[in-house]
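The values are calculated or read from the model by the stated rules, or taken from the named source; none is laboratory data. Everything numeric here is computed off the predicted structure, so don't read it as measured data. Cβ placement follows ideal geometry from the backbone for every residue including glycine, while neighbour counts extend to all protein chains displayed. Heads up: the accessible areas ignore ligands, DNA and RNA and are worked out on the full protein's heavy atoms, side chains in. Shrake-Rupley method; radii C 1.70, N 1.55, O 1.52, S 1.80 Å.
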Amino acid sequence: MKDKVTNVLISGVGGQGILLASEVLSEVLMLAGYDVKKNEIHGMAQRGGSVVSHIRFGTKVYSSIIPEGEGDILLGFELLETYRYLPLLRKGAKIIVNDLKILPPPVTLGKETYPDNVQAKIQQAFPDTLLVKGADLAKQVGNPRTVNMALLGAMSGALPIDNQLWTDTLRCMVPERFLEANLEAFTLGSRAALACS
Amino acid sequence: MKRTMLSGNEAIARGAFEAGVKVASAYPGTPSTEILENITRYPTVDASWAPNEKVALEVGIGASFGGGRALVAMKHVGVNVAADPLFTLSYTGVRGGLVLVTADDPELHSSQNEQDNRNYAKFAKMPMFEPADSQEALDFTRLALEVSEQFDTPVFLRSTTRISHSKSVVEIGEPVTSLPDTSIKKDPAKFVMLPGNARKRHVVIEDRLHRMEEWACQQPFNRIEIGEGKIGVITSGVSYLYAKETLPEADILKLGMVYPLPKQLIRDFASRYDTLYVIEELDPFIEEQVRAMGIAVHGKDILPICGELTPGRLKKALTGKEDVPFHAPQEPLPNRPPNMCPGCPHRSVFLTLNRLKAFVTGDIGCYTLGFMEPLSAMDTCICMGASIGNATGMAKVLNAEEAQRIVAVIGDSTFLHTGINGLMDMVYNNSKATVLILDNRTTAMTGRQENPGSGYTLAGDPSYRIDIEALCRSVGVKNVTVVDPYDIDHTRTVIKAEMERPEVSVVIARRACMLVKRDPVKRQAALKVDAEKCTGCKACLQLGCPAIEWQPDAGDKGKAVINPLLCCGCGLCPQMCHFDAIGGHSEG
C-alpha cells in the first residue's frame, strides 16, 4: 500500500467537525510514516456551506487535490454532501456515510429540492457503502458533538493504521475536557463498522 | 530533525521564528490569516494586528530600518492597500531583512477578485519567492529574509490558497543564533525618499535586479529535475506539483524565485527541447517573459487564465482528455451556499433594510452574505471600506427621494480598516446618505480576529477599545445612534428615521458575534415551534436562519421546526411570528 497514493475524502456541511476529523486523520497517517498532503477551503466556504477535505497519503505525494475518479474512500457527514462528491470516486470506492439530512437554505425556502432516495442511489453506484447512525452513537456517548469522532472511528478499519496509534493521536489532539467522550465515540464508531462488515 | 504536519501558513510562521524575525504585522485576510495567529506561538516575535495592510507594512518598514528582521502578511488584495509604501520601500531597501507575504486566492474561494500578485514583483521591482509546499514555505521564508539583507531589498513570498491551507510533512529547523543588533542609524540618502535621493536609488534598484538575475542562475532554489528528456516544463509554486503529477516523464525547471527570472538558466534549459511548456496558474507571468527572450513556448494557448489550475484541468489542457468520473449524479443538486450563523446579529439588520427597500452599498465581511436570499439586502461590494464612498457618490447623482434610500453597511473591523476615511469625506462634503456600522466586536469573516475596536490584541492582552461613537462624532457626524439588532422593531424605527434625515447619520448595530472567542455570548436554550399554533405562514423563514427548518409534509401547508442543535436562542424568530407559535425551550 505504501507505493501507491491513497485518496481519502471527507465531506459534509461547515460546522460539523470535518476540519478536526481531517486534522486527526492526516496526523495519524504522518505518524504511521507516510508522506501526507491534505487540503480544504477555509473562510467563506465554511459557514454552513458544502465542505470537502482531501487527504492523500503514500510514499510520495505531489498534489494535495484528488483528481476526479480517483478517490478511494469517502467519509460523508451528510447524505447530500456525500452524493455531491461521488464524481471524485473511483469504481469500487468505499463509502462511509452518516445517516443524516441537513436541508440547504434554498431547499428550506422552497426554491430547490433535496434529491430523493439519496442513500439508495449511493449504495447502488458504490456497493461498498456503510451507513452509520452517527447521531445515535453520539447519543450513546451523551454528547451530540462527538458525531465526527464516531464517523472517523467507523472509517478507521478501512485504513492501514494500528488502533493504538489512533488512540494516542486523539489523546494529543483533542482538548482534555472532551477527550474521554471523543475516544468513546471513536470506539463506538469503529465497532459499529466492524459489526457491519 | 522533527517531522510534523504543517499548513503553509504554519510553516511560514515557523520560518519567521527560525529566521529571528523580531516584528510581524498583518491585517487578517483569507488565506493569509493563520500566519500571524501562529507566530504568536513564538514569544521572541512581536506580533500584532494592524488596522489595515498599509499600516502593517509601515510597521514592518520601521522595524527593518531599526535593524530588526520583519515579516508582514496579507491577502492578495491587501497588497493593493499597502502598495503606496511598498513601491518606495523597494527604493530605500532595508536594514533588517523584510519579507512581505502575499497570499493569493486563485479560484476566488473567499475573495472579490483573483489578481495574480506576481505582477507586483515586476511592478515594484522586488524579488519574489514562491513555495510549492509547506517545507518550502518554511525554507523560503528563512531564505527570503537572508536574501533581503544580502541584496538590500524587500522580498515577496507568494503563497496561494492551496499552499497556505494545505498541510504537508515538514522537517523543522533550529532558530538562527547570530543576528545584528538593533539600533538607531541615520542614513537619509537611503531612508528619506525625496526626489534627489530617490533618483539615485532608482539606479541602484535596476542594478540590483540585474545582479539578482545572474545570481539566481546558480541557486539551488531554481533547479532542474531530469525526466525522459523529451518534454521541457518551466513551472513554479503549486503548479509544479500538478506538473509532476500530470507529466511524470517531463524534464522540469522548477523555479523557486519567480522574479527576477534566471534568464541564462532558462535559455540553456529551453535549448534542449522541441516541446517546451510554461505551466503556471492565472496570468502568463513567466510565459510572457520567456517569450520576450525569443523562446517559443506553450502556455496560455492551452492553459486556463481564469480559476486555479488542478491536476484535472492541466491534464485536459495537455492531452485534451478529461478525467471521467466513474459515477456522477444525474439530477441537479441543490446548492449549499454559506450562510450567516444562527444567532448572527447581522440578520435582522438586513431584514430591515430589505423591508425599507434600501439600496445598500456593501462591504467586505460576513455581512456580505446579506446579499443572499431571503434577506437580499446588499447591492454593491467592491473592496474593504468602499461602502461609504460608494454611498456618497451614488447619493450625489440621484434625486432626493432616491438618495434617501442609499445606506452604506460596513463592519466594525472594516470601518476601522479604511471606512473612516469615507466617513470624513461624507461629513466634509455634506452627503445625505446613511451609514450603518455592524459592530459585532470582532473581525468575524476571517475567523474572529481582534481589531482596535475589540479591546484586545493579537496576543490576547487587554487594550484600549476604540469608541466608535466618539470617533464618528469627532469627524463631525452629529447623529450617532446605537441599536441592539436583536430588537427588530427598534432597529427598524431608528434606521427608517435616519434614512429620512437629510444629513449624514451613523447607526451602530451592536451585538457581539455568537462565535467570538473571548467573552463568548452565552447561548440561550434552543427555542421551539408550537406545532399547534404554527399556521405554516413562513414568516419566520424570512430570517434565513439555518436553525429554522421547514417540514413540508406537516399540517396542511407545512410547518416550521427549530433544530435544537443549531438554535442558540437569539430570540429573533419569535418577533417574526404573528401567531405566538415560537417560544419556550426545546427539550432534549
- [ ] Kindly provide the chymotrypsin sites (Phe, Trp or Tyr not before Pro) of region B:411-493 that DSSP labels as loop, not H, G, I, E or B, and whose Cβ sees at most 10 other Cβ atoms within 10 Å.
- [x] B:TYR464
TODO: Partner chain Cβ atoms within 10 Å, averaged over the residues of B:203-216 - can you pull that number for me?
DONE: 0
Open item on the list: Over 5 Å intervals from 0, what percent of Cα-Cα pairs in region A:71-112 sits in each interval?
Closed with: 6, 22, 25, 19, 13, 9, 5, 0
TODO: Report the accessible surface area buried between chains B and A, summing both sides, using a 1.4 Å probe on protein heavy atoms only, in Å² rounded to the nearest 100.
DONE: 4800 Å²
Task: Residue-level accessible surface for B:TRP215, protein heavy atoms, 1.4 Å, Å² - done: 50 Å²
Open item on the list: If the only charges are +1 at each Lys and Arg Cβ and -1 at each Asp and Glu Cβ, what is the size of the charge dipole of the protein assembly as shown around the Cα centre, to the nearest 20 debye?
Closed with: 640 debye
- [ ] Return the loop-located trypsin sites (Lys or Arg not before Pro) in region B:259-312 (DSSP other than H, G, I, E, B) with at most 13 other Cβ atoms within 10 Å of their own Cβ; answer none if there are none.
- [x] B:ARG272
Open item on the list: Pairwise over distinct Cα atoms, reciprocal of the mean inverse distance: report the Kirkwood radius of region A:1-98 in Å, one decimal place.
Closed with: 13.4 Å
Open item on the list: To make sure I understand the rule: partners must be lysines, Cα under 21 Å from the Cα of B:LYS186, and not fewer than 8 residues away in the same chain. Which ones qualify?
Closed with: B:LYS22, B:LYS200
Task: Rounded to 10°, Cα long-axis angle of helix B:488-500 versus longest principal axis of chain B - done: 70 degrees
- [ ] Add +1 for every Lys or Arg and -1 for every Asp or Glu among the other residues with Cβ under 12 Å from the Cβ of B:VAL475, and state the total.
- [x] 0
Open item on the list: Helix B:386-397 against the longest principal axis of chain B: what's the angle in degrees, Cα atoms only, rounded to the nearest 10?
Closed with: 70 degrees
TODO: Over the whole of A:106-115, what's the average partner chain Cβ count within 10 Å per residue? Rounded to a whole number, please.
DONE: 6
Task: Positive dipole terminus of region B:469-588, leading residue within B:ALA512, B:LEU541, B:ALA581 (C-beta point charges) - done: B:ALA512
TODO: Could you provide, to the nearest whole Å², the per residue accessible area of region B:223-319 with probe 1.4 Å?
DONE: 37 Å²
Task: Selection from B:GLY93, B:PRO106, B:ASN119, by position along the positive dipole direction of region B:1-126 (Cβ) - done: B:GLY93
- [ ] Using only the alpha-carbon atoms of the protein assembly as shown, report the extent along each of the three principal axes, biggest first, to the nearest angstrom.
- [x] 80, 72, 48
Task: Dipole of region B:227-314, positive end: most advanced residue of B:LEU241, B:LEU261, B:LEU282 [Cβ charges, Cα centre] - done: B:LEU261
Open item on the list: Students often check this: by mean Cβ neighbours within 10 Å, which of B:488-496, B:241-249 ranks highest, and how do the rest follow?
Closed with: B:241-249, B:488-496
- [ ] Scan region B:1-87 for trypsin sites (Lys or Arg not before Pro) in coil per DSSP, keeping those whose Cβ has at most 13 other Cβ atoms within 10 Å, and list them by number.
- [x] B:ARG41
TODO: Just the number, please: carbon plus sulfur as a percent of the accessible area of region B:528-583, 1.4 Å probe, no ligands or DNA/RNA counted.
DONE: 51 percent
Open item on the list: About the Cα centre, and with charges only on the beta carbon of Lys, Arg (+1) and Asp, Glu (-1), how big is the dipole of region B:345-510? Nearest 20 debye, please.
Closed with: 180 debye
Task: Area of B:GLU107 that stays accessible when all protein chains are in place (1.4 Å probe, Å², to 10) - done: 60 Å²
Task: Cα centre as origin, Lys/Arg/Asp/Glu Cβ charges: chain B dipole, Debye - done: 900 debye
Task: Averaged over A:55-66, number of beta-carbon atoms from partner chains that fall within 10 Å - done: 5
Task: Top of A:PRO106, A:PRO175, A:PRO115 by mean-square fluctuation, Gaussian network on chain A, Cα under 10 Å - done: A:PRO106
- [ ] Note down the net charge around B:PRO85, summing +1 for each Lys or Arg and -1 for each Asp or Glu among other residues with Cβ under 9 Å from its Cβ.
- [x] -1
Open item on the list: Rounded, prolate or oblate, given the Cα gyration tensor of region B:429-588, with a/c below 1.5 counting as rounded?
Closed with: oblate
- [ ] Quick one: accessible surface of B:ASP467, probe radius 1.4 Å, all protein chains present, in square angstrom to the nearest 10.
- [x] 70 Å²
